[in-house]
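Peer 1: Here's a structure for you.
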Amino acid sequence: TSAHGFYTGISVLNCIYYSFDSEWSLQTVGKSELILNVRFKDIPVNQIWMFKLSNSYCISWDVRIEFEEGLEVENAQAGIFLSDKYTSWINAYEEAPFLPIRGWQDMCLDNLESRVIGGRGFRDKNGFMPTVLINFSENKLPGRPFIKNTSKELDSRLAGVSLEGGYKKEGGYNFFNCKVELIDSEEKTDLFIEDIRNRILKDRKLGFIFK
């Protein structure tokens, strides 16, 4: 069965604990807002997931983490499972085809500075499958993009962000925030990526001027 949807993972003592193996409860449901509580099993960690629909094509995803006691986190991750039907991945700098799914396998990213990562949309007999991009340009903590195939059992693509670890004292912290962009045509995808690249060039020029 294919895996789909949002997920987070936390690595502690060489074990990765995933949100999809956790206990879930619904806190708030609104017209354009959803808040979920995710209680991890076997580690004293709780997450609050806040979704907000900015418009029909953009979902804001904010994750806050709460530690019930001090804990050494080796690293963490957040991302989205995509359908195996996606044949190409894309970021702010590059684009390439996915390899066939034969098992867990990372796609090679030449540039890890991109703050956008996901699957490029395509047209099939049912219409256009939208481009899905994780835009973490406003994420408050350092992160690096990744894109990979899952196992044959999960039969999915996986777009996500690797997050830094460290010792966390008891209390609450910002874990991750991003916007999930859903783009409904190839032309709009190209325009979106071009806009991202232009912003990067503009920021670099400004940085150079003020050095």
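Peer 1: Of Thr189, Thr28, Thr87, which has the most accessible area with a 1.4 Å probe, and how do the rest follow in descending order? Working shown, then result.
Peer 2: Working: Thr189 0, Thr28 50, Thr87 80 Å².
Result, largest first: Thr87, Thr28, Thr189.
Peer 1: Computed FRET efficiency, Cβ-Cβ of Tyr93 and Glu138, R0 25 Å: what is it to the nearest 0.05?
Peer 2: Values: r = 19 Å, r/R0 = 0.75.
E(calc), rounded to 0.05, equals 0.85.
Peer 1: Spin-label point model (7 Å from Cα, Cβ direction): what's the Leu112 to Tyr57 distance in nm?
Peer 2: So the label points at Leu112 and Tyr57 sit 3.2 nm apart.
Peer 1: Sticking with this one: Probe of 1.4 angstrom, ligands and nucleic acids ignored: what's the accessible area per residue over the chain, in square angstrom?
Peer 2: Details: 11870 Å² over 211 residues.
Counting only protein heavy atoms, the per-residue value for the chain is 56 Å².
Peer 1: Also, I was wondering about something else. Tell me the carbon and sulfur percent of the accessible area for the chain, rounded to whole percent, probe radius 1.4 Å.
Peer 2: Values: 6080 of 11870 Å².
Roughly 51 percent of what the probe reaches on the chain is carbon or sulfur.
Peer 1: Considering only Phe51, Gly165, Val73, whose Cα is most displaced toward the positive end of the charge dipole of the chain, charges sitting on Cβ of Lys, Arg (+1) and Asp, Glu (-1)?
Peer 2: Of the options given, the answer is Phe51.
Peer 1: Right, next: Could you tell me how many degrees, from 0 to 90 and to the nearest 10, lie between the Cα long axis of helix 186-209 and the main elongation axis, the longest principal axis, of the Cα atoms of the chain?
Peer 2: Compared with the principal axis, the helix lies near 70 degrees.
Peer 1: Heavy atoms of the protein only, probe of 1.4 Å, neighbouring chains included. What is the accessible area of Arg197 in Å², nearest 10?
Peer 2: 100 Å²
Peer 1: Here's something else I'd like to know. Using a 1.4 angstrom probe and counting only protein chains, how large is the accessible area of Glu66 in Å², to 10?
Peer 2: 80 Å²
The values are calculated or read from the model by the stated rules, or taken from the named source; none is laboratory data. Quick caveat, the model's predicted, so the values are computed rather than measured. Cβ coordinates were reconstructed from backbone atoms using ideal geometry, including for glycine residues, and neighbour counts include every protein chain displayed. Each accessible area value is taken on the protein alone, full model and side chains, heavy atoms only, with ligands, DNA and RNA left out. Shrake-Rupley method; radii C 1.70, N 1.55, O 1.52, S 1.80 Å.
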